[in-house]
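The values are calculated or read from the model by the stated rules, or taken from the named source; none is laboratory data. No experiment lies behind these values; they were computed from the predicted model shown. Reconstructed Cβ throughout: ideal geometry from the backbone, glycine too, with neighbour counts over all protein chains shown.
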């Protein structure tokens with residue numbers, strides 16, 4: 001196969017440019033068609049075997065693979081190399097890559113002629129049962145064992161017509177500016193959290209942990225944000241994630257640091273503690289996928305220590321998370337890429353959808369408070385999908 005990349009003189013709207021999408025603030029990549037679909041173990045060899053003719057030379061040029069990896073780190077991931085890729089950089093540079101020859105694959109099913117208007121929304125586990133699970137987790141916390149575990153809730157939606165993926169993406173863009181908006185094989189979302197990016201030798205991560213609702217007006221939002229910043233529970237939970245990200249990336253770096261104090265990142269209905277981690281990779285830099293596999297799953301979606309939290313989740317949560325709380329993004333043939341944590345997301349399959357949300361549980365967590373927080377997080381996608 002051969003990939004040819006050329007500059008575009010016209011502007012592009014990535015959401016309308018392809019069925020595969022990963023963008024933030026209108027910068028990112030969109031893909032159309034399929035040049036190849038491969039398991040993760042074969043991806044590096046496939047990308048290396050593609051001849052490249054690239055006049056642009058930016059991260060995301062040449063052949064690119066999109067992926068949405070599962071939460072379970074032992075589960076296999078699949079990648080799609082689009083036959084055509086359109087890119088837009090933060091500085092406004094635009095390009096188009098075509099890969100030939102491309103495989104033949106059926107086009108994704110289109111939504112019905114009418115938008116859905118009637119919906120059934122059902123939690124897979126009753127709120128009371130989930131609160132009992134939280135209480136069980138708090139009793140399992142020990143100084144030398146489990147210190148934090150993230151527990152998720154699953155909600156299933158059934159509509160009277162198929163969901164329109166393009167319409168859902170547009171609503172996500174409008175409702176969650178500043179988030180990573182993505183669509184990969186029916187998996188859509190708007191994640192505020194950058195797991196890791198690599199552009200040349202620059203590496204970044206923006207871990208988030210600790211959440212508060214938004215009150216609907218600037219005064220109440222400021223009060224809630226101040227309480228979040230002052231919360232010893234949330235600050236401790238946040239620091240666990242920062243330390244893990246920093247300590248995991250450090251062996252690859254000649255320089256790595258993080259902000260001295262967390263900031264508040266607000267989305268439509270909640271706000272999070274967030275801290276930027278940034279550094280310079282030693283030569284030769286690892287592929288972004290090597291960094292993804294080392295970082296995922298972070299304490300923000302799994303817990304700490306990782307093995308103990310994974311064991312508790314597998315034994316007690318009661319459902320397969322699939323791609324929820326996994327990671328979604330892209331990688332090019334030089335190892336550049338951007339990957340977000342797969343939260344604020346939904347799996348769409350015709351007229352059905354699955355939405356999940358989770359909370360970090362520590363020893364002093366209150367089940368009813370945690371339940372309220374999951375409801376706020378679930379509302380982010382429910383309000384996008386359920387439109388009477």
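A single entry from 294, 300 fulfils the requirement of being closer than 20 Å to residue 207 by Cα, surrounded by fewer than 22 Cβ atoms within 10 Å (Cβ to Cβ) and touching a helix residue (DSSP H, G or I) at 6+ places or on another chain (Cβ under 8 Å): 294.
Could you check region 233-251 and list, in sequence order, the residues that are out of contact with any helix residue (DSSP H, G or I) (no Cβ under 6 Å at 6 or more places or on another chain) and surrounded by fewer than 19 Cβ atoms within 10 Å (Cβ to Cβ)?
Those that are out of contact with any helix residue (DSSP H, G or I) (no Cβ under 6 Å at 6 or more places or on another chain) and surrounded by fewer than 19 Cβ atoms within 10 Å (Cβ to Cβ): 233, 235, 236, 239, 243, 246, 247, 250, 251.
Only residues that are closer than 25 Å to residue 190 by Cα, in contact (Cβ under 8 Å) with a residue 40 or more places away in the chain and part of a strand (DSSP E or B) were counted in region 242-278, giving 9. Filtering region 368-377 to residues that are at pLDDT 90 or above and either in a loop (DSSP other than H, G, I, E, B) or buried (at least 21 other Cβ atoms within 10 Å of the Cβ) (or both) leaves 370, 374.
Taken together, the residues in region 180-218 that are part of a loop (DSSP other than H, G, I, E, B), in contact with a helix residue (DSSP H, G or I) (Cβ under 6 Å, 6 or more places away or on another chain) and surrounded by fewer than 20 Cβ atoms within 10 Å (Cβ to Cβ) amount to 2. Among the candidates 81, 12, 56, 52, the residue that is touching a strand residue (DSSP E or B) at 6+ places or on another chain (Cβ under 9 Å) and at pLDDT below 95 is uniquely 12.
Mind listing whichever residues of region 28-66 are surrounded by fewer than 23 Cβ atoms within 10 Å (Cβ to Cβ), assigned to a strand (DSSP E or B) and in contact with a helix residue (DSSP H, G or I) (Cβ under 8 Å, 6 or more places away or on another chain)? Selection gives 32, 36, 38. Residue selection: residue 6 satisfies the criterion of being surrounded by fewer than 17 Cβ atoms within 10 Å (Cβ to Cβ) and in contact (Cβ under 8 Å) with a residue 12 or more places away in the chain.
Number of residues in region 197-225 that are modelled with pLDDT of 95 or more and more than 16 Å from residue 342 (Cα to Cα): the value is 7.
Check whether at least one residue in region 325-333 is in contact with a helix residue (DSSP H, G or I) (Cβ under 8 Å, 6 or more places away or on another chain), farther than 30 Å from residue 36 by Cβ and surrounded by 16 or more Cβ atoms within 10 Å (Cβ to Cβ), and report yes or no. Checking region 325-333: not a single residue is in contact with a helix residue (DSSP H, G or I) (Cβ under 8 Å, 6 or more places away or on another chain), farther than 30 Å from residue 36 by Cβ and surrounded by 16 or more Cβ atoms within 10 Å (Cβ to Cβ).
Checked against (1) within 30 Å of residue 117 (Cβ to Cβ); (2) touching a strand residue (DSSP E or B) at 6+ places or on another chain (Cβ under 8 Å), residue 166 passes all but a single condition, namely (2). Of all residues in region 134-157, those satisfying the criterion of being in contact with a strand residue (DSSP E or B) (Cβ under 6 Å, 6 or more places away or on another chain) and either more than 19 Å from residue 323 (Cα to Cα) or loosely packed, with under 11 Cβ neighbours inside 10 Å (or both) are 134, 137, 147, 148.
Restricted to region 277-291, and to residues that are under 24 Å from residue 240 (Cα atoms) and in contact with a strand residue (DSSP E or B) (Cβ under 7 Å, 6 or more places away or on another chain), which residue is surrounded by the fewest Cβ atoms within 10 Å (Cβ to Cβ)? Explain how you work it out, then say what you get.
Here is the first cut: in region 277-291, the ones under 24 Å from residue 240 (Cα atoms) are 277-281, 288-291.
Those still in the list that are in contact with a strand residue (DSSP E or B) (Cβ under 7 Å, 6 or more places away or on another chain) too: 277-281, 288-289, 291.
Values: 277: 22, 278: 17, 279: 20, 280: 15, 281: 20, 288: 25, 289: 24, 291: 24.
Per the stated criteria, the residue is 280.
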